[in-house]
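The values are calculated or read from the model by the stated rules, or taken from the named source; none is laboratory data. Everything quoted here is computed from the prediction, not taken from an experiment. Neighbour counts are summed over all protein chains in view; Cβ atoms, including those assigned to glycine, are modelled from backbone coordinates with ideal geometry. Just the protein is used for accessible areas: all its heavy atoms, side chains included, with ligands, DNA and RNA removed. Shrake-Rupley method; radii C 1.70, N 1.55, O 1.52, S 1.80 Å.
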Amino acid sequence: NADTFYELFYDQSALVDASLLKLNTNKLAPDCYLSMFYNCTSLIKAPELPATTLADSCYYGMFAYCTSLTQAPELPATTIASSCYSNMFNGCTSLNQAPELPATTLADGCYYSMFEGCANLIQAPELPATTLVGYCYGYMFKGCTNISDAPELPATTLADSCYYGMFIGCTLLSYIKCLATD
C-alpha cells in the first residue's frame, strides 16, 4: 500500500529519536510519508531520507510542528515531484539548519511552505534551479524571522506565482538578488 506510513507517528509527543528507522531508499510512492511525524513535539532525531527519486506529496508535512527538531535530515533527491517537500518542516520552530536542496528541475508546489514558521532558521539553502514552475517556492520561508540573507535566486525562466509569498514575515531580510529580467 502506497500510504503505509501515512500519519504513522502523528501527534506522538513522547517520540524523541527516529534515527534508527530505515525508510525506503528506492522510488517512493505518492503520499507515502505524508504527515508521518506531524506534531511529534519531542522529536530531536529524524530518520535518514536517502531516496533520490520522489513522488507527489511523498514528504508532505512529514515533520510539521516537530518543535524540538533542530537539524533537518539530508535531502539528496535530484528528481522531485509535485508538493513532495510541501510543509515538510512547517512550524519546526527550533530548526536552525536547512538541508541542501540539489534539485535543478522543479515540480509544481514542490517546496511550498517547506520552512514556514521556522523562526530559528538563520540561513536559507541555495536554490540552484534556473527554470521555475507554479508555486514551487510559494511561502517557502514565510515567518522565518531570523533569516537575514536570502539565497541567490539564479532562475531566469519564471512561472506564474513561482515566488508567491516566499519571504513574507522575514523581518530581518533586507536584500534579495534575483537574476530574472522578466
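Scanning the range 11-23 for residues being in contact with a strand residue (DSSP E or B) (Cβ under 9 Å, 6 or more places away or on another chain) and surrounded by 15 or more Cβ atoms within 10 Å (Cβ to Cβ) gives a total of 1. Answer yes or no as to whether Tyr85 is closer than 13 Å to Phe37 by Cα and of a type in the set (Phe, Trp, Tyr). No, not satisfied. Would you check if Cys92 is open to solvent by less than 30 Å² (accessible area, probe 1.4 Å), over 12 Å from the mean Cα position of the chain (by Cα) and not β-branched (Val, Ile, Thr)? Considered against the rule, which asks whether it is open to solvent by less than 30 Å² (accessible area, probe 1.4 Å), over 12 Å from the mean Cα position of the chain (by Cα) and not β-branched (Val, Ile, Thr), Cys92 comes out as no. Just one of the numbered conditions (1) open to solvent by less than 60 Å² (accessible area, probe 1.4 Å); (2) under 14 Å from the mean Cα position of the chain (by Cα); (3) of a type in the set (Ser, Thr, Tyr) is not true of Ser42: (2). Kindly indicate whether Ala72 is in contact with a strand residue (DSSP E or B) (Cβ under 7 Å, 6 or more places away or on another chain), open to solvent by less than 20 Å² (accessible area, probe 1.4 Å) and under 24 Å from Asp11 (Cβ atoms). So Ala72 passes the test.
Please verify whether the range 110-124 includes one or more residues that are open to solvent by 10 Å² or more (accessible area, probe 1.4 Å) and touching an Asp or Glu at 6+ places or on another chain (Cβ under 6 Å). Within the range 110-124, none of the residues are open to solvent by 10 Å² or more (accessible area, probe 1.4 Å) and touching an Asp or Glu at 6+ places or on another chain (Cβ under 6 Å). Looking across Ala119, Ala55, Ala64, one residue alone is over 22 Å from Leu8 (Cα atoms) and touching a residue at least 12 places away in the same chain (Cβ under 8 Å). It is Ala119. Within the range 24-39, can you find the residues that are more than 22 Å from Gln97 (Cα to Cα) and surrounded by 15 or more Cβ atoms within 10 Å (Cβ to Cβ)? Asn24, Leu28, Ala29, Pro30, Asp31, Cys32, listed by residue number.
Just one of the listed residues (Ala55, Ala51) is surrounded by 15 or more Cβ atoms within 10 Å (Cβ to Cβ), in contact with a Ser or Thr (Cβ under 7 Å, 6 or more places away or on another chain) and in a loop (DSSP other than H, G, I, E, B), and it is Ala51. Considering the conditions (1) modelled with pLDDT under 95; (2) among the small types (Gly, Ala, Ser); (3) closer than 23 Å to Cys144 by Cα, Ser113 is excluded by exactly one of them, (1).
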